[in-house]
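Everything below concerns the one structure shown next.
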Amino acid sequence: MTDAQALVKTLGFQLDIQSDNENLLYNATLEARSVYNETIRLAKQGVDWDAIPDRVADDADLVKNTTQRVVAKALGAMENYYEYDDFGQPSHIKDGAYPLRANYEEGYNLSLTDDGDVAFRISAKPYKHVTGVLDGNDAHLDILKTALESDEWKIGTAEALFHDGNAELHVNVTNTEQTVRDKHDSRTVIGVDVNEDNVALTALSKAGVEDTLVIDFPEIKFERHRYFTMRKRVQNAGKDSIHDTLEGREERFVRDRLHKVSRHIVEWSRQFEKPCIVFEDLKEMRDSIDYGTRMNRRLHHLPFHALQFYTSYKAAFEGIPTAWINPEYTSQRCPMCGHTERANRNKKRFKCRDCGHQDHSDRGASVNIAVKGIEKHQDWNVPALNSLPQVRKVRRQASGAVDAPTVTHDTVRGYQTNGVAGVSD
Ligand SMILES: [Zn+2]
């Protein structure tokens, strides 16, 4: 794709409705059906379309603004008929539920709760509200939460409807001015190396490596291993329901942390000129057998896909494009001289067997990913690398991000235990 990409999304959720007003919403969708029918009937009679909204609203037992939205949708169906004659004239005698279409902050409202849920309040009937929290797809919920907190994103109309007997809310979110920049038009390429206990980020421009950040998340690794052991134990004891509970808990924990890490990646990337965030392509990673145990371990130990996905749509919110490269040799290649050999790397320590360059191995991988990103997607040349800036580290914990001491390639072993200065996010 070479064009900038506009961002409009419809997000679908289940409505977890408070029990005392379950029927209220269903009745409102029946009322929406009669508004729709009445609109079509009047239009067929030849009533002036400008006069229809007021005439219908007088009789409708819905919030006025919501009535107008449903009328507008019905007239849209009439207009389509005149324009395309696709399906014949719309019917005005159907019964059953019809989606209740509402404007944000007029016919419905959303808010973040202290528990991190999204609460809804739908004005089903005048002075009668349906309330509860939204359930559903984790990614959709996260997009909506981001939209609720961002000025750039606008929450638009929503439709409350019944699907297979379940109440749903479909919310439109649009980015009013922002588009995702074309990835080929980037000045800085951010290589992202994802590992079990950290991500390494390197920003590479025509001038060389601008900066490297390593975000440590030992907590995620620790908790995953802890849950793994617990699940094994209850599984062996035949307690499958506990096993599933633990799995759900682990998943929520890991997702929550990965969301924070992905937010951090995007925040860091924003400081550079025209950034493009580059990941290793997981599909190519899986298709290749010969990447050694490190890669296989990495694949099994972290929901890479989730982190990439979270990062890429959060980046899109900021207009930042993402791209993918083939992961082959990214952890074995020397970023300074290009010499590639498996023995170059020993855990977190990289030492080139050819030129002697030493570094934090994950930083080296992130440089190589950025290099590949430039080669694959940009029309400018990879700069010659003569020196690399110090690696900066932050540690992510439940309390937020903490600055860890700076590390250079010749003090790789000492970085973890020095004093830390607290910075909360
Ligand atoms: Zn080298």
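The lysines within cross-link reach of residue 351, meaning a Cα-to-Cα straight distance under 26 Å and a gap of 8 or more places when in the same chain, are 206, 221, 372, 393.
Residue by residue, the range 64-74 carries 3J(HN,Hα) couplings of 4, 4, 5, 4, 4, 5, 5, 4, 4, 5, 5 Hz when phi is fed to the Karplus relation 6.51 cos²θ - 1.76 cosθ + 1.60 (θ = phi - 60°); x denotes Gly or Pro.
Charge tally for residue 168 (other residues, Cβ to Cβ under 15 Å; Lys, Arg +1; Asp, Glu -1): -4. Taking a sphere under 12 Å around the Cβ of residue 340 and counting the other residues whose Cβ falls inside, with K and R at +1 and D and E at -1, yields a net charge of +1. Could you tell me which of 213, 201, 259 has its Cα farthest along the dipole of the range 188-259 towards the positive end, charges placed at Cβ (Lys, Arg +1; Asp, Glu -1), taken about the Cα centre? Selected residue: 259. Across the range 306-322, computed HN-Hα scalar couplings (Karplus, 6.51 cos²θ - 1.76 cosθ + 1.60, θ = phi - 60°) run 4, 5, 5, 5, 4, 5, 5, 7, 5, 5, 4, 4, 9, x, 8, x, 10 Hz from first to last residue, x flagging Gly and Pro.
Taking other C-beta atoms within 10 Å as the exposure proxy, 310, 26, 81 rank 81, 26, 310 from fewest upward.
We did not get these values from a lab; they are worked out from the coordinates using the rules stated. Keep in mind that what you see is a predicted model, and the values were worked out from it rather than measured. Positions of Cβ are generated from backbone atoms using ideal geometry, with glycine treated the same way; all protein chains shown enter the neighbour counts.
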